[in-house]
Amino acid sequence: MPTVIVADDSMFQRFTLSKMLKDMDFEIMEAKNGQECLDIIAGQAPDVILLDLNMPARNGFEILEELQSRKMNIPTIVISADIQESSKKRCLDMGAKAVLGKPVSQENLAAILNELSLYNA
């Protein structure tokens, strides 16, 4: 069973994304801020990260930067309300595999996970 970190400071977003992922047979680890996300990664590398941009204690850009500096190639999908073209481009340039706007549909999430060979839709 593939594992995923859902990193978002919104309890509602973590709950919603976790429910979708459980329905797709993923094992879920939740982080309520960027530092918790990095702490989880230090102990166990997940198969994929769902990452919010605007979080306390290390934002999504800082997490992407840290993953690059540690040369960790964990597929990361940014899910954020901030979907300006400049932010989207910056995320993709920093190694994100995709950038999705909130709210995310299960179909869109499943399609991207399928592209990453983590889920067969």
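What separates the Cα centres of the range 23-75 and the range 77-121 is a distance of 14 Å. If you model the chain as an ellipsoid using its alpha carbon gyration tensor, with each semi-axis the square root of five times an eigenvalue, the axes come out at 19, 16, 15 Å, biggest first. Build a GNM of the chain with springs between Cα atoms under 10 Å apart, and of ALA42, ALA98, ALA111 the one that fluctuates most is ALA42.
Remark: relative contact order (the range 45-95) = 45 percent; criterion is Cα-Cα distance under 8 angstrom and separation of 6 or more residues. Seen from every direction in turn and averaged, the convex hull around the alpha carbons of the range 37-96 projects onto 3.8 nm².
Magnitude of the Cβ-charge dipole of the range 22-71, K/R +1 and D/E -1, about the Cα centre, nearest 20 debye? Display every interim value, and only then the final one.
Details: 5 positive and 11 negative charges, 41 e Å.
Its charge dipole is roughly 200 debye.
Extension gain for SER69-LEU92 works out to 6.7 nm (0.36 nm per residue, less the C-alpha to C-alpha distance).
What number comes out for the charge environment of LEU17, summing +1 per Lys or Arg and -1 per Asp or Glu over other residues with Cβ under 12 Å away? Mind dumping the intermediate values first?
Working: positive: ARG14, LYS19, LYS22, LYS102; negative: ASP8, ASP23, GLU30, ASP52.
Around LEU17, the surrounding residues sum to 0.
Over the chain, Cα pairs under 8 Å with separation of 6+ residues give a relative contact order of 21 percent. Taking 10 °C and 1.306 mPa s as conditions, the range 16-58 diffuses translationally at an estimated 142 µm²/s according to Stokes-Einstein applied to its Kirkwood radius (Cα pairs). For the range 1-110, the per residue solvent-accessible surface stands at 50 Å², with DNA, RNA and ligands left out and a 1.4 Å probe.
The values are calculated or read from the model by the stated rules, or taken from the named source; none is laboratory data. Bear in mind the structure is a predicted one, so any value in this text is a computation, not a measurement. Note that each Cβ is placed from the backbone with ideal geometry, even for glycine, and that neighbours are counted across all protein chains shown. Accessible surface areas use protein heavy atoms only, side chains included; no ligands, DNA or RNA. Shrake-Rupley method; radii C 1.70, N 1.55, O 1.52, S 1.80 Å.
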